[in-house]
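To keep things clear, I will list the structure first and then write my remarks on it.
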Amino acid sequence: MKIIIAPDSFKGSMTAFEAATAIERGVKKAFSKADTIVVPVADGGEGTMDSLVTATNGRKIETVVKGPLMEDIKSSYGILGDEQTCVIEMASASGLNLVEPDKRNPLWTTSYGTGELIKNALDDGCRKFILAIGGSATNDGGIGMLQALGMKLLDSNGNSIRYGGVGLSQITEIDHQDFDARIANCEFIIASDVQNPLVGINGATHVFGPQKGATPEMLQFLDYHLTKWADLVESKTGIRLHERPGAGAAGGIGGAFQAFFPSTTQRGIDLVIKYTGLKEKLDGAQCVFTGEGQIDYQTASGKTPMGVAQIAKQKRIPVFALAGSIGNGIDELYQYGITSVHSIVQSPMGLKEAMERGPELLEATAEQVIRTFFA
């Protein structure tokens, strides 16, 4: 009996590896001799680096960079087993999780630290990059990252602009003379499932700005000046980011990659599936477990459970999705290969208790699901 266990993290409660091992314990309680294959996965957000580093027997390098508010923080990036490919999670340097809720303000948060991670990896000899850009705290159009890599963004007096979204209102000139020349000889794969354009009602600011602390007034200010930045980029490069799909990812950093880097974009879950060899590991499996903190209609936009289910469906393998909570719209998921969705919360309890007891609840639910399946 071969069972594949491929969950994402349950944010704030368990890493993907911790979730996978909890599910494995539940399966083993029901069938101790089951051949369980644990494959922690991610979709381009938190946990992507760990998943790829583990899958390829790579290593992590710790360093100090500037955080979202330009404070020194400890961060890291991964070197895959080929010793050539670098994996960077934007969230580890410029992530929303690094900013206290009462300090979240996209006028001041910057992507500078993400640029520093790229520079450090370039210094280490890396020339192929995978950028997981989920979970950002920024709405600066990627200007902080560009500044960290040597690009001069100047105001009308020829001075460097301020860091953060507010800097967008000051830029009148792009000077790329000192932009790191090594970038032109690199390959950048952007792991993202966001297809939003840079500006407008469906753009980076209006869709994602509120969760980063933007008030209605900030939304108007940032979208206006992000548009002016896009105008300037178009006049400089000939590349129009305004309506371009994916340019609005991670507060507009997606657009910065499209304009100034040799880059392509792929779904994060597809990259992880490729590097972990999950598709090949599915051969001969009786069933698959996946899951994440919340499963709802957004899961169908390329989140981990859907990505896992899609490849399992090709092999006609049933998929059980376990979640901390279940939202609206899960009926749509069945067409992609998810067999059933199960909440791990077994009785009335608060969020704090549920998160603290996450491994225990996940283990118990996995046991009951597998008992039912093989009954």
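What follows is calculated from the coordinates using simple rules that are stated; it is not laboratory data. Predicted model only: the values in this text are computed from it and were never measured. All Cβ positions, glycine included, derive from the backbone under ideal geometry; neighbour counts span all protein chains shown.
Counting DSSP beta bridges with both partners in the chain, what percentage is antiparallel, nearest 5?
35 percent
Within the range 48-266, what percent of beta bridges assigned by DSSP are antiparallel, to the nearest 5?
Details: 15 of 29 bridges.
The antiparallel proportion sits near 50 percent.
Would you calculate, for the chain, the mean residue ellipticity at 222 nm contributed by helices, counting each DSSP H stretch of 4 or more residues as -39,500 (n - 2.57) and dividing by all residues, to the nearest 500?
Values: 13 runs with 126 residues, N = 375.
Calculated from helices alone, the mean residue ellipticity at 222 nm is -10000 deg cm²/dmol.
Quick one: grab the alpha carbon gyration tensor of the range 103-183, order the square roots of its eigenvalues as a ≥ b ≥ c, and give me rounded if a/c is under 1.5, else prolate or oblate depending on whether a/b is larger than b/c.
Values: a/c = 2.81, a/b = 1.23, b/c = 2.28.
Taking the square roots of the gyration eigenvalues as a ≥ b ≥ c, the range 103-183 is oblate.
Antiparallel versus total DSSP beta bridges in the range 1-112: what percent is that, nearest 5?
Values: 11 of 15 bridges.
Here the antiparallel bridges make up roughly 75 percent for the range 1-112.
Longest span of the chain, sites excluded, free of trypsin sites (Lys or Arg not before Pro) in DSSP loop with at most 12 other C-beta atoms within 10 Å? Intermediate values should be presented prior to the final figure.
Numbers: sites that count: K33, R316.
That would be 34-315.
Sort out for me the Cα centre separation of the range 292-341 from the range 208-234, rounded to whole Å.
If we compute the Cα centre of each part, the gap is 33 Å.
Net charge near G255: determine it from the other residues with C-beta under 15 Å of the C-beta of G255, scoring Lys and Arg +1 and Asp and Glu -1. All intermediate terms of the calculation are to be shown ahead of the outcome.
Details: positive: K228, K236, R240, R244; negative: D140, D223, D231, E234, E243.
In short, -1.
Report, in listed order, any pair from K11/K315; K60/K236; K103/K279; K33/K274; K11/K281 with a Cα-Cα distance greater than 31 Å. Intermediate values should be presented prior to the final figure.
Working: K11/K315 29 Å; K60/K236 37 Å; K103/K279 42 Å; K33/K274 28 Å; K11/K281 26 Å.
Exceeds cut-off: K60/K236; K103/K279.
Quick one: net charge of Y297's neighbours, Cβ under 10 Å, K/R +1, D/E -1?
Values: positive: none; negative: D296, D331, E332.
Around Y297, the surrounding residues sum to -3.
Let me know the shape class of the range 48-266, please: from the alpha-carbon gyration tensor, a ≥ b ≥ c as square roots of the eigenvalues, rounded when a/c is under 1.5, otherwise prolate if a/b is greater than b/c, or oblate. Walk me through the numbers on the way to the answer.
Working: a/c = 1.56, a/b = 1.36, b/c = 1.15.
Since a/c reaches 1.5 and a/b is larger than b/c, the shape of the range 48-266 is classed as prolate.
Separation of the range 74-107 and the range 12-52 by C-alpha centroid, Å?
So the two Cα centres are separated by 22 Å.
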